[in-house]
Amino acid sequence: MRGGHFLQSLNDGRSVWLGGEKLSDLPAHPAFKGTLETIKTLFNQLDDPEVRDKIGFQVPGTERYAHSSFLVPYTSEQLAKRSESFAFWSQETHGMMSRLSDYARSMVTGWYAARSELGQLDPHFESKITAYYEKARDQDLFLTTAIIDPQIDRSSSLDDSRIAERFLHVVKETSEGIVVRGAKMIATGAPYTHDFLIFSFLKFKSEERKHAHVLIVPANSPGLHIVCRESFADGREQNHILSSRYDEMDAVLFFDDVLIPWERVLLHGDSEKVLALRANKTANALAFHQNVVRYVAKLEFVTGIAFAIAEAIGANGFLHVQEKLGELLTQISVMKALVIASETQARPDAAGVLVPEISYIDAARNIGTKFYPRAIEIVQQIGGGGFVQAPAGVEDFYGPISKLMHLYFEGASVSAEKKVQLFKLAWDLVGSPLGSRHELYERFYAGDPVRAYANQYLGFDKESLTDPVWRLLMESSKR
Ligand SMILES: Cc1cc2nc3c(=O)[nH]c(=O)nc-3n(C[C@H](O)[C@H](O)[C@H](O)COP(=O)(O)OP(=O)(O)OC[C@H]3O[C@@H](n4cnc5c(N)ncnc54)[C@H](O)[C@@H]3O)c2cc1C
C-alpha cells in the first residue's frame, strides 16, 4: 500500500533536527507518529476501490491511480474532480491539515500545464518540468514549498551583506548543477516531504543574479538541514484528538552548500524570469484553489464545535449567541460562494487549461486571514470558562471520584463525559499550542496579509470603479 511505502521512503538519510537531536526514525518518533499515521491512511485511500475515485484519477494509458492534484483540468468535470479531491482529504482531516502536499503538487501541475508558455523563460524548462511532473505523479511524491527568506532584518535588503549571505544564493556552478548556501524560513511538512519547491521571494536587482532561482530540492540532499520547531503533537488521543493526529510540523531549512542537480534547477540567475514564473496565473490559480477548498472544511469544523458547545451548555437560546453562530454560517457561505464563483468563472488559458478565476480565490485567501481568528474568538466567547473547567483528562470518570464527575460536569443536553470530551476537543482547537499555531497559520500562510490586501488594490482595474463617480460628478456639474 502507498501509505506504508511513503513511511519507508522517509528513511533516506535526511537530516532532521528536533530539540538538539538528529532524528533517525521519523514514523516511530512521538512528534511525528500520529501525523504520519494520518498521512499513511490518506495515501492508502488511493489503493482503495471504494474511495480512490474521490481523490484520484486513472493516469492515461495505465491502470494506475494518481492523486487528482496532478490532474490537468481541460474540462469543468476535471476541475470539479480536483476540487472534490481537495474537499475529501480536508473533510477527512477536519481542515486541520493544510499541507498534505496537494497544494505543492498543484503548483507543479500548474507549471507543467503552462510549460509551453513558461518554456519561453528557459529552453530547458519544458523538458525538466515534464520529467519532474511525471515522476512526482507516478511515485506519489510528497511535496512542500519553502519560499520566505529568514526573518533577520526586514528593513534591510541584499545591499546589506548580512542579508545577502544568509538568503539562499548560489556559491558555485559545476557541470553537475549549482551549489547553494543560505536558509529558508518556514516549510510546513518539511521533515517528511520528499522534495521542496524553492523560489526566491524578493524582487531583486538584475545584478543580484545569484539570489534568483526556482529549484526542486530533494529533502535528503547532503548539506540540507531541516530544523523543526517545538512539537505540538500529543499522543494522548482521548484528551487531545487534534494534537494527536494533525500536527503538521513546520521547519526552517539550512542549506550548507547543497548541490542541486541541473535537472532540478528550473530557473536561475534572472530575477525577472523568476518573477514571471511566480506570477503565472495557471499555476497559482490551480494551487491556491486547494487552499480555499480546504478552508471551507475547516470553517465547517469550527462551526460544528461552536454549535455543539452552545447546545451542550444551554447557551444556544441566547440572542447574541445565535447571532454569533449565524456569523459563522455566513463565513461558510461566503467562502463556499467564492469557491463556486472561482470554478464556474474558470476560463481556458492559451493552452486550453481550465483555470479557476483567481480574483475570487485571492479574495477568499485574503478574507480568510480575518475569518479564522474571528471564528476562534466566537468559540471562546460561547464556551466561556468551560474550556478550563474541563479536567486534565477523562480518566477521572473511571476513578474514585467518578460519581462526582458525572454529577458536576453534566451539560444541558449531553452527559458529563460527552461534555468534557467536547470541551477538550474545543480547547485543542482554540487554546492548545496546536490551536494557536493554526490561528497563526491562517493569518500568514498565504503571505503577509497586509501586502496581500494591498496587492488586490494595486492590481485592480481602478477606472472601472472611479469612472462612474467622475461621470456622475460631471453630469451634475452640467445641470
Ligand atoms: C504556521 C506557518 C506555516 C507556514 N508554512 C509555510 C510553508 O510551508 N512554506 C512557506 O514558504 N512559507 C510558510 N509560512 C511562511 C509565511 O508564508 C510567512 O509567514 C508570511 O509570508 C509572512 O512573512 P513573515 O512571517 O516573514 O513576516 P514578515 O514579512 O517578517 O512580517 C512581519 C511584520 O512586518 C511587516 N512587514 C514586513 N516587511 C514589510 C514590508 N516590506 N512592508 C510592509 N510591512 C512589512 C508585516 O506586515 C508584518 O506585520 C508559514 C507561516 C506560518 C505562520
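The values are calculated or read from the model by the stated rules, or taken from the named source; none is laboratory data. Model, not experiment: these values are computed from the prediction. Counting neighbours? That spans all protein chains shown, and the Cβs are built from the backbone with ideal geometry, glycine included. Areas reflect the complete protein model, heavy atoms only, side chains present, ligands, DNA and RNA absent. Shrake-Rupley method; radii C 1.70, N 1.55, O 1.52, S 1.80 Å.
Solvent-accessible area per residue for the chain at a 1.4 Å probe radius, Å²?
Working: 21630 Å² over 479 residues.
Ligands and nucleic acids excluded, the result is 45 Å² per residue.
Leaving out ligands, DNA and RNA, and with a 1.4 Å probe, what % of the accessible surface on segment 2-277 is carbon or sulfur? The partial results should precede the final answer.
Values: 5550 of 11290 Å².
On segment 2-277, the fraction of accessible area on carbon and sulfur atoms equals 49 percent.
Please give the solvent-accessible surface of Tyr453 in Å², to the nearest 10, using a probe radius of 1.4 Å with every protein chain present.
Per-residue accessible area (Tyr453): approximately 80 Å².
List the aspartates and glutamates whose Cα lies under 16 Å from the Cα of Lys33, skipping any in the same chain that are fewer than 8 positions away.
Reachable aspartates and glutamates: Asp25, Glu230, Asp234, Glu237, Asp247, Glu248, Asp250.
I'd like the projected area of segment 2-277, averaged over all directions, using the convex hull of its alpha carbons. Report it in nm² with one decimal. Write out the running numbers ahead of the final one.
Numbers: hull surface 62.9 nm².
So the Cα hull casts an average projection of 15.7 nm².
Under 1.5 on a/c is rounded, so check that first for segment 250-324, then, if it is not, pick prolate when a/b is larger than b/c and oblate when it is not; a ≥ b ≥ c are the square roots of the alpha carbon gyration tensor eigenvalues. Numbers along the way, then the final one.
Working: a/c = 4.75, a/b = 2.77, b/c = 1.71.
Prolate, since a/c reaches 1.5 and a/b exceeds b/c.
Per the Kirkwood formula on distinct C-alpha pairs, the Rh of the chain is how many angstrom? Kindly include the intermediate steps, with their values, before the conclusion.
Values: mean 1/r = 0.0414 Å⁻¹.
Across the chain, the inverse of the average 1/r is 24.2 Å.
How large is ³J(HN,Hα) for each residue in segment 158-173, as worked out from phi by the Karplus curve 6.51 cos²θ - 1.76 cosθ + 1.60 (θ = phi - 60°), to whole Hz, x for Gly and Pro?
Each residue of segment 158-173 in turn: 5, 5, 7, 5, 4, 6, 4, 6, 8, 6, 4, 8, 7, 9, 7, 10 Hz.
In whole angstrom, note down how far apart the Cα centers of segment 302-326 and segment 1-79 are.
Rounded to whole Å, the Cα centres lie 37 Å apart.
Considering only the other residues whose Cβ falls under 11 Å of the Cβ of Asp250, what net charge follows from Lys and Arg at +1 and Asp and Glu at -1?
Local net charge: 0.
Quick check: the angle from helix 449-458's long axis to the longest principal axis of the chain, C-alpha only, nearest 10 degrees?
50 degrees
Tell me which GluC sites (Glu not before Pro) from segment 229-331 have a DSSP coil assignment and no more than 15 other beta carbons within 10 Å of their own. Kindly include the intermediate steps, with their values, before the conclusion.
Working: sites: Glu230, Glu237, Glu248, Glu263, Glu272, Glu300, Glu311, Glu323, Glu327; in loops: Glu230, Glu237, Glu248.
Qualifying residues, ordered by number: Glu230, Glu237.
Lysines near Lys462 by alpha-carbon distance under 23 Å, same-chain residues fewer than 8 away left out - which ones?
Lys281
Rounded to the nearest 10 degrees, what's the angle between the helix 125-138 long axis and the longest principal axis of the chain, both from Cα atoms, 0 to 90?
Around 30 degrees separate the two axes.
Compute the helix-to-body angle for 463-478: its Cα long axis versus the longest principal axis of the chain, expressed 0 to 90° and rounded to tens.
90 degrees
Just the projected area, averaged over all directions, of the convex hull on the alpha carbon atoms of segment 280-461: how many nm²? Before the final figure, lay out each step's value.
On the way: hull surface 50.4 nm².
Its average projected convex-hull area is 12.6 nm².
Assign one of three labels to segment 56-151, namely rounded, prolate or oblate, based on the Cα gyration tensor with a ≥ b ≥ c the square roots of its eigenvalues; rounded applies when a/c is under 1.5, prolate when it is not and a/b is larger than b/c, and oblate otherwise.
Numbers: a/c = 1.82, a/b = 1.16, b/c = 1.57.
Oblate shape, in that a/c is at least 1.5 and b/c is the bigger or equal ratio.
Please report, as a whole percent, how much of the solvent-accessible surface of segment 280-461 comes from carbon and sulfur atoms (probe radius 1.4 Å).
Details: 5000 of 8200 Å².
Reported share for carbon and sulfur atoms: 61 percent.
When only Cα pairs under 8 Å and 6 or more residues apart are kept, what is the percent relative contact order across segment 280-461? Walk me through the intermediate numbers first.
Working: 180 pairs, mean separation 46.4, N = 182.
Reported as a whole number, the value is 25 percent.
Of all DSSP beta bridges located in the chain, what percent are antiparallel, nearest 5? It would help to have the intermediate numbers written out before the result.
Values: 34 of 42 bridges.
DSSP beta bridges in the chain are roughly 80 percent antiparallel.
Of Ala283, Phe397, Gly177, which is farthest along the charge dipole of the chain in the positive direction, counting Lys and Arg as +1 and Asp and Glu as -1 at C-beta?
Checked the options; the winner is Ala283.
Quick check: pseudo-label points 7 Å beyond the Cα along Cα→Cβ at Ser24 and Glu377, how many nm apart are they?
5.0 nm
For the pair Ala279/Ser413, report the inter-label distance in nm, with labels modelled 7 Å from Cα in the Cβ direction.
Inter-label distance under the simple model: 5.3 nm.
Compute the separation of the alpha-carbon centres of segment 182-221 and segment 385-418 and state it in Å as a whole number.
49 Å
Given Lys203/Lys298; Lys184/Lys273; Lys128/Lys184; Lys81/Lys128; Lys22/Lys128, which pairs have Cα atoms separated by over 28 Å?
Values: Lys203/Lys298 33 Å; Lys184/Lys273 20 Å; Lys128/Lys184 23 Å; Lys81/Lys128 26 Å; Lys22/Lys128 33 Å.
Too far apart for the 28 Å limit: Lys203/Lys298; Lys22/Lys128.
Once the Cα gyration tensor of segment 1-131 is diagonalised, what are the square roots of 5 times its eigenvalues, in whole Å and ordered largest first, as equivalent ellipsoid semi-axes?
Values: eigenvalues 161, 91, 38 Å².
They are 28, 21, 14 Å, listed from largest to smallest.
Place a +1 charge on the Cβ of each Lys and Arg in the chain and a -1 charge on the Cβ of each Asp and Glu, then give the dipole magnitude about the Cα centre in debye, rounded to the nearest 20. Let's see the in-between values first.
Details: 52 positive and 61 negative charges, 136 e Å.
In total the dipole reaches around 660 debye.
Could you list the GluC sites (Glu not before Pro) in segment 28-75 that lie in coil according to DSSP, counting only those with at most 10 other Cβ atoms within 10 Å of their Cβ? Kindly include the intermediate steps, with their values, before the conclusion.
Working: sites: Glu37, Glu50, Glu63; in loops: Glu50, Glu63.
Listed in order of number, the matching sites are Glu50, Glu63.
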